[in-house]
Amino acid sequence: MRLCSIASGSSGNCIYVGSDSTHVLVDTGISGKRVEFGLNDLDLSTRDLSGILITHEHSDHIRGLGVIARKYQIPIYATRGTIEAICASKSLGKFPENIFHEIRENEDFGLGDLTVKPFAISHDAAQPVGYRLEHGGRAVGIATDMGIYDEYIVGNLSGLDALLLEANHDVNMLQVGSYPYPLKRRILGEKGHLSNETAGQLLCRLLHDHLQTVLLGHLSRENNYEELAYETVCAEVTMGDNPYKAADFDISVAHREQASRVVVL
């Protein structure tokens with residue numbers, strides 16, 4: 001399996017996961033041109049995609065979806081609530097018939113030679129999900145846009161080989177920043193986003209000897225920065241109630257404007 005973050009941040013998200021024969025995107029919150037350039041760096045093109053998995057309908061996750069759907073006719077997989085919200089959006093244009101494939105939380109499905117396992121997440125969207133993708137005994141998790149985590153989330157993200165995990169904001173930066181109070185409450189709430197500290201605490205629950213790579217993603221442009229997210233998460237791991245230190249793992253930050261290195265499992 002391979003994992004690569006083409007773009008990750010509050011302004012746009014697009015993640016590639018694939019095998020030798022099956023290539024999928026998780027979200028298309030950037031332009032079709034940027035998607036194509038990102039795939040070209042992987043020696044792929046948009047035409048090589050087997051499907052697009054959508055986590056939820058917010059614009060930073062679906063901005064390029066309409067253009068890509070109309071141009072390439074790639075199957076789109078999402079929950080019923082997300083599909084209805086996407087189709088109600090006036091900014092994406094009309095979608096081709098039969099391009100949407102409804103999925104359900106906790107019901108695995110096959111996409112090429114990948115097994116996809118959607119799981120429910122806590123976010124202020126219609127019916128949002130995260131994804132666990134498996135192939136050949138390897139597993140990748142995509143977990144962003146979560147206000148909170150619980151034992152259910154931990155269970156769905158346990159035993160991974162690679163993980164893209166939200167580290168959206170620094171709580172102090174958010175609290176003293178320029179965002180209006182209702183928006184601050186939303187981000188800090190149970191249907192908002194994981195802070196750096198909370199991401200580190202969740203990661204402590206997921207560490208195991210064979211976890212190969214952790215990419216920290218979906219960083220806020222206004223309320224976080226890469227070094228702070230990295231240092232805070234690493235401090236939580238090193239000081240947490242677990243037998244590991246952050247230096248035991250390959251932890252890095254997925255960039256906003258450029259693709260990450262390709263993680264090969």
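The values are calculated or read from the model by the stated rules, or taken from the named source; none is laboratory data. Here the structure is a predicted model, which is why all the values come from computation and not from measurement. Positions of Cβ are backbone-derived with ideal geometry, glycine not excepted, and every protein chain shown enters the neighbour counts. Only protein heavy atoms, including side chains, enter the accessible area calculation; ligands, DNA and RNA are left aside. Shrake-Rupley method; radii C 1.70, N 1.55, O 1.52, S 1.80 Å.
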All positions within region 167-192 that are in contact with a strand residue (DSSP E or B) (Cβ under 6 Å, 6 or more places away or on another chain) and either buried (at least 24 other Cβ atoms within 10 Å of the Cβ) or part of a loop (DSSP other than H, G, I, E, B) (or both): Ala167, His169
In region 210-228, how many are more than 12 Å from Ser11 (Cα to Cα), buried (at least 18 other Cβ atoms within 10 Å of the Cβ) and either among the charged types (D, E, K, R) or touching a Gly at 6+ places or on another chain (Cβ under 8 Å) (or both)? 1
Return the residues of region 236-251 that are open to solvent by less than 30 Å² (accessible area, probe 1.4 Å) and in a strand (DSSP E or B); say none if nothing qualifies. Ile251
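Residue-by-condition table, conditions (1) among the acidic types (Asp, Glu); (2) under 25 Å from Leu207 (Cα atoms); (3) not in a loop (DSSP other than H, G, I, E, B):
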residue: His61; (1), (2), (3): no, no, yes
residue: Val67; (1), (2), (3): no, no, yes
residue: Ile74; (1), (2), (3): no, no, no
residue: Ala85; (1), (2), (3): no, no, yes
residue: Asn106; (1), (2), (3): no, yes, no
residue: Pro118; (1), (2), (3): no, yes, yes
residue: Ser122; (1), (2), (3): no, yes, no
residue: Ala139; (1), (2), (3): no, yes, yes
In region 38-59, which residue that is of a type in the set (S, T, N, Q) and part of a helix (DSSP H, G or I) is nearest to His193 (Cα to Cα)? Ser59
Output for region 24-37, where each listed residue is surrounded by 23 or more Cβ atoms within 10 Å (Cβ to Cβ) and either out of contact with any strand residue (DSSP E or B) (no Cβ under 7 Å at 6 or more places or on another chain) or in contact (Cβ under 8 Å) with a residue 40 or more places away in the chain (or both): Val24, Val26, Thr28
Test set (1) touching a residue at least 60 places away in the same chain (Cβ under 8 Å); (2) under 24 Å from Thr46 (Cβ atoms); (3) under 16 Å from the mean Cα position of the chain (by Cα); (4) open to solvent by 10 Å² or more (accessible area, probe 1.4 Å) - Val140 fails condition number: (4)
Could you grab me the full set of residues in region 1-37 that are touching a helix residue (DSSP H, G or I) at 6+ places or on another chain (Cβ under 9 Å) and assigned to a loop (DSSP other than H, G, I, E, B)? Gly9, Ser10, Ser11, Gly12, Asn13, Asp27, Thr28, Gly29, Ile30, Ser31
Give all pairs with beta carbons closer than 8 Å in which a residue from region 60-79 that is among the basic types (Lys, Arg) meets a residue that is part of a helix (DSSP H, G or I); count only pairs at least 6 apart in sequence or on separate chains. Lys71/Gly32; Lys71/Thr46
